[in-house]
Protein chains: 2
Amino acid sequence: MGPVQIKQILQSTEIGQTVEVKAWVRTKRESKNAIFIALNDGSTIHNLQAVAEPGQLPDDTLRLITTGSCLRIEGTLVASQGSGQAVEVKIEHVQVYGTADPDEYPLQPKKHSLEFLREIAHLRPRTNTFSAILRVRHALAFAVHKYYNDNGFFYLHTPIITASDAEGAGEMFRVTTLDMNKPPRTEDGAIDYKEDFFGRETNLTVSGQLEGELGAMALSKIYTFGPTFRAENSNTTRHLAEFWMIEPEMAFFELKDNMDLAEDFVKSVISTALEQCADDLAFLQNRLAEEEKNKPQNERSMPLLEKLKFVVENPFERLTYTEAIDILVKSKPHKEKKFQYHVEWGIDLQSEHERYLVEKHFKKPVILTNYPRAIKAFYMKLDEDGKTVRAMDVLFPGIGEIIGGSQREENYDILLERVQEVGIEPESLWWYLETRKFGTAPHAGFGLGFERLVQFVTGMGNIRDVIPFPRFPKSAEF
Amino acid sequence: MGPVQIKQILQSTEIGQTVEVKAWVRTKRESKNAIFIALNDGSTIHNLQAVAEPGQLPDDTLRLITTGSCLRIEGTLVASQGSGQAVEVKIEHVQVYGTADPDEYPLQPKKHSLEFLREIAHLRPRTNTFSAILRVRHALAFAVHKYYNDNGFFYLHTPIITASDAEGAGEMFRVTTLDMNKPPRTEDGAIDYKEDFFGRETNLTVSGQLEGELGAMALSKIYTFGPTFRAENSNTTRHLAEFWMIEPEMAFFELKDNMDLAEDFVKSVISTALEQCADDLAFLQNRLAEEEKNKPQNERSMPLLEKLKFVVENPFERLTYTEAIDILVKSKPHKEKKFQYHVEWGIDLQSEHERYLVEKHFKKPVILTNYPRAIKAFYMKLDEDGKTVRAMDVLFPGIGEIIGGSQREENYDILLERVQEVGIEPESLWWYLETRKFGTAPHAGFGLGFERLVQFVTGMGNIRDVIPFPRFPKSAEF
């Protein structure tokens, strides 16, 4: 079904065969001896060159063949004379499906800023950079599903609209069908959510974890891969209001198993990208080098492919929060008062601290564990000392926290106490608490922000550039 | 990482080896000569039998081993004496992770109604029926991703929060961070959505199609697989407020290619389920037969596996809407005035008409095409006669419409006219219209409601039973 993809044609060795190509024009170049049309159909970063003789195509047709126009070409596959490709197509017939007026079409063959491209997100997948990112994103997403399927996990669709707040924090988007202008009210004047669609207040989920745990307590190993939401007014290069998260949850896993899985998983999907997206990653590596060429040498990133191979080939450093604080307190920037935020046991580590550990001290991904209970979520398992919890954060160079997880508190009484401690009504989590009442078991899980992973693998600095249609404050276009 | 799954242990032939099992107790049975514990960890419909000698386990432990409790068992794999399984575990040691008080735990080994189980959706994955459904659901979801990956499609994450309404119809959920109690207002008293999170009115998406088309106009073949929403007050066995949809969109595909893809795709994923979920489907087939045993013979469903094989092995019937109307007009129920709704060209086919075509007339899946323009969406390509559009609906026995799709209108002027005709502001779809201005091409796509597919494959009558945590009017529990 459908036309043969350019990716396949470029790998074909059947010189002399007739081919039909359907694709968009990237560039047209006319020389004395030939007309060269570079075609791309999005299946690969590489263009297919189609060649016509001067005068072969009617002027009316030739005029319409401009950057962005869409063509159907019939021709013969021939060995290419040029150096860029093994094969090219000798044009026999051209049909123009759709034109792209050069005076109006914004994607002319010149450099466009990422900011400008964000404003035309409906067209940017037609650029080399964004088509490469989207192909890598696809390969990573499929690798995620394949990894969990191959390892005996079940994909669980946890709800998007929810009446609970998994984190006990995080600002949420309200979901409602009430008339905003004149909402129904109870006798005492409050909004009457009983009249709302679900008969109660509902929001967009911030995490599928709590429901994921319900699945793990029945199927042993599950994972989610779905959209999650934060209504935080963060205009940064690392935050989106809508993003995709992967959350595995495993019965009978303790903290070490959880770390082993997180490390194996993230290495596995990056390996897959390296194998399957070599051309796109090479292109993105060059893009990044080009972007950074005016930076001083010591501020430039490691070449992209080298960085990815390094992560895949080296064990992550594992240490406790307490050990990390110790390293930070003894560090040069601490002694020289170069850190903006004070370091002492109990603080929530700031980006500058994480970066020091990952990029300066260990120079590799780091897994920090056993954080103080006060700075972590209520569902994390309390350590024997009562001071720390079995949390783990995986920190990546340039990205910071890419994975956050923990062993979960499986003891009913301790969990109930923690729920009350953070001010959640136990009744609102009756179903979650019941899993500790009926056949409770040690279990653990983590969350990976998919866009952070795509950022790391593609080397893109702004998270808005690794999702097709980013959602952030004051922006829901497309 | 993690324990060996029961699915693997049951296939093991290494008699005499030591095994460690972590799982939940389904039943415990004590006889004069032995204690039998049936264990399940969700990896398979089958239980693993663990056997202890009378008096071997301390009374304090034995007392805690009840239905729903969670155990760690060490033992030896031995050939089973019983007829139900090849191997069983001779218990050496038992650790109780979590108890399940028989007076409180609702899932005792007896028959529970589906209605009751819906009220304890946090526990129902621990039943045979729901664990089987969730495993089949997983296998189908993975098969979807694999099918598109293998066929050169890219997985595109289209936005969940959107300012557009793809269908030009359909009631939507509002997404907002405004204070419901005292929303900001403009000078003329209207709600001031400029103050809302995204600076405009936003809703939950009803379809990723329009954004999917943007992807297809760059990458040629994309698909989405994400949650979609309908704020319709439908309390039926076929509707959910939140459900998952698969939407492939292909440049250069016309209506026939679209039909070919839809048929090949749905057969492929059902085949995969038949191959990979044989045990679960056999269980679900028996469940359905049991459920229907009191029905008269002629009202019972075809046995589940037979039905699935039939769909996979036979070509779908393809005909136009006009031909279908002709058949209906000449049909016995029409002549005998047995149809509730009148039949004539131009009507929106009712469920009774679709069922007659699929279940009585053709006795197989049917693809209906070229519907009247007035009853279909604005983006469908107009036929030459100006009266019909290149729509297609795939109708399945017992389910009705499982796939809806069309070739898309790629002509800018016609599309603009259609947009205005249905009363949409062209400015609100400027980005969609621009794809027809810049390099437009013939293209097509369709949507498959994932839960409808899971219903068909599992034979479950109520759509609320094929998604872990269903969302419907007045219900957003868990």
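The values are calculated or read from the model by the stated rules, or taken from the named source; none is laboratory data. Just so it is clear, the model here is predicted, and its values are computed rather than measured. Glycine also receives a Cβ, built like all others from the backbone with ideal geometry; neighbour counts cover every protein chain displayed.
Condition first: crowded, with 24+ Cβ neighbours inside 10 Å and facing chain A (nearest Cβ under 9 Å). Now tell me which residues in region B:243-255 satisfy that. Selection gives B:Met250, B:Ala251, B:Phe253.
If you go through region B:256-286, how many residues are under 27 Å from B:Ala441 (Cβ atoms) and crowded, with 22+ Cβ neighbours inside 10 Å? Spell out how you get there, then give the answer.
So in region B:256-286, the residues under 27 Å from B:Ala441 (Cβ atoms) come out as B:256-266, B:268.
Still in the list and also crowded, with 22+ Cβ neighbours inside 10 Å: B:258-259, B:261-262, B:265-266.
Here the count works out to 6.
On the stretch given as region B:1-20, residues that are more than 32 Å from the chain's Cα centre (by Cα) and within 13 Å of chain A (Cβ to nearest Cβ) total 1.
Just so you know, in region B:460-476 the residues that are at the interface with another protein chain (Cβ under 7 Å from one of its Cβ atoms) and of a type outside the set (Phe, Trp, Tyr) include one that is farthest from the chain's Cα centre (by Cα), and it is B:Lys474. In region B:406-451, of all residues being within 14 Å of another protein chain (Cβ to nearest Cβ) and under 11 Å from the mean Cα position of the chain (by Cα), the one that is farthest from A:Val96 (Cα to Cα) corresponds to B:Glu451. Considering the conditions (1) of a type in the set (Ser, Thr, Tyr); (2) touching a residue at least 60 places away in the same chain (Cβ under 8 Å); (3) surrounded by 21 or more Cβ atoms within 10 Å (Cβ to Cβ), A:Ser428 is excluded by exactly one of them, (3).
You will find that of B:Glu275, B:Glu232, B:Glu299, the residue that is modelled with pLDDT of 95 or more and of a type in the set (Asp, Glu) is B:Glu275 and no other. Looking at A:Leu123, A:Leu156, A:Leu71, just one residue is buried (at least 17 other Cβ atoms within 10 Å of the Cβ), more than 8 Å from chain B (Cβ to nearest Cβ) and aliphatic (A, V, I, L, M), and that residue is A:Leu71. Once region A:4-19 is narrowed to residues that are in contact (Cβ under 8 Å) with a residue 40 or more places away in the chain and touching a His at 6+ places or on another chain (Cβ under 9 Å), the residue that is surrounded by the fewest Cβ atoms within 10 Å (Cβ to Cβ) is A:Leu10.
When B:Ile161 is tested against the conditions (1) more than 9 Å from chain A (Cβ to nearest Cβ); (2) β-branched (Val, Ile, Thr); (3) surrounded by 20 or more Cβ atoms within 10 Å (Cβ to Cβ), the lone failure is (1). Restricting attention to region B:338-362, the residues that are of a type in the set (Asp, Glu) and either surrounded by 16 or more Cβ atoms within 10 Å (Cβ to Cβ) or not assigned by TED's automatic domain parsing to the domain that holds B:Glu317 (or both) total 1. Residues that are more than 8 Å from every other protein chain (Cβ to nearest Cβ) and surrounded by 15 or more Cβ atoms within 10 Å (Cβ to Cβ) within region A:95-106 comprise A:Val96, A:Pro106, listed in sequence order. Among the residues of region A:446-475 satisfying the criterion of being in a helix (DSSP H, G or I) and basic (Lys, Arg), which is nearest to A:Asp393 (Cα to Cα)? Within region A:446-475, the match that is nearest to A:Asp393 (Cα to Cα) is A:Arg452. How many residues, within region B:211-238, are closer than 20 Å to A:Thr158 by Cβ and not hydrophobic (A, V, I, L, M, F, W, C)? The number of residues fulfilling the criteria is 5.
Restricted to region A:181-197, and to residues that are within 8 Å of chain B (Cβ to nearest Cβ) and crowded, with 17+ Cβ neighbours inside 10 Å, which residue is nearest to A:Gly423 (Cα to Cα)? Before you say what the answer is, go through the steps one by one.
As a first pass, look at region A:181-197 and keep what is within 8 Å of chain B (Cβ to nearest Cβ): A:181, A:183, A:190-191, A:197.
Checking which are crowded, with 17+ Cβ neighbours inside 10 Å leaves us with A:183, A:191, A:197.
Values: A:Pro183: 28, A:Ile191: 23, A:Phe197: 27 Å.
Filtering region A:181-197 for residues that are within 8 Å of chain B (Cβ to nearest Cβ) and crowded, with 17+ Cβ neighbours inside 10 Å, the one nearest to A:Gly423 (Cα to Cα) comes out as A:Ile191.
The single condition from (1) closer than 19 Å to B:Leu416 by Cβ; (2) out of contact with any strand residue (DSSP E or B) (no Cβ under 7 Å at 6 or more places or on another chain); (3) acidic (Asp, Glu) that B:Asp383 fails is (2). Scanning region B:21-53 for residues that are in a loop (DSSP other than H, G, I, E, B) and either within 11 Å of another protein chain (Cβ to nearest Cβ) or of a type outside the set (S, T, N, Q) (or both) yields B:Lys32, B:Ala34, B:Asp41, B:Gly42, B:Ser43, B:Thr44, B:Ile45, B:His46, B:Glu53. Taking A:Glu213, is it out of contact with any Pro (no Cβ under 7 Å at 6 or more places or on another chain) and more than 9 Å from chain B (Cβ to nearest Cβ)? Yes; evaluated as a whole, the condition is true for this residue. Of all the residues in region B:263-308, those that are in a loop (DSSP other than H, G, I, E, B) and under 19 Å from the mean Cα position of the chain (by Cα) number 1.
Of the candidates B:Val389, B:Val457, the single residue that is away from chain A (no Cβ under 14 Å), free of Cβ contacts under 8 Å to residues at least 24 places away in the same chain and crowded, with 22+ Cβ neighbours inside 10 Å is B:Val389. Taken residue by residue, region B:393-409 has at least one member that is under 24 Å from B:Thr320 (Cβ atoms), touching a Leu at 6+ places or on another chain (Cβ under 8 Å), outside any helix (DSSP H, G or I) and without any contact (Cβ under 8 Å) to a residue 40 or more places away in the chain. Can you tell me which residues in region B:188-232 are part of a strand (DSSP E or B) and free of Cβ contacts under 8 Å to residues at least 40 places away in the same chain? Matches in region B:188-232: B:Ile191, B:Thr228. Residues in region B:225-281 that are under 25 Å from B:Glu313 (Cα atoms) and of a type in the set (D, E, K, R): B:Glu247, B:Glu254, B:Lys256, B:Asp257, B:Asp260, B:Glu263, B:Asp264, B:Lys267, B:Glu275, B:Asp279, B:Asp280. So for region A:198-205 (the condition being surrounded by 23 or more Cβ atoms within 10 Å (Cβ to Cβ) and under 26 Å from B:Tyr223 (Cβ atoms)), does at least one residue qualify? Within region A:198-205 (the criterion being surrounded by 23 or more Cβ atoms within 10 Å (Cβ to Cβ) and under 26 Å from B:Tyr223 (Cβ atoms)), the answer is yes, since at least one residue qualifies. Listed conditions (1) over 18 Å from B:Gly82 (Cβ atoms); (2) touching a residue at least 12 places away in the same chain (Cβ under 8 Å); (3) surrounded by 12 or more Cβ atoms within 10 Å (Cβ to Cβ) are all met by B:Met1, apart from (2).
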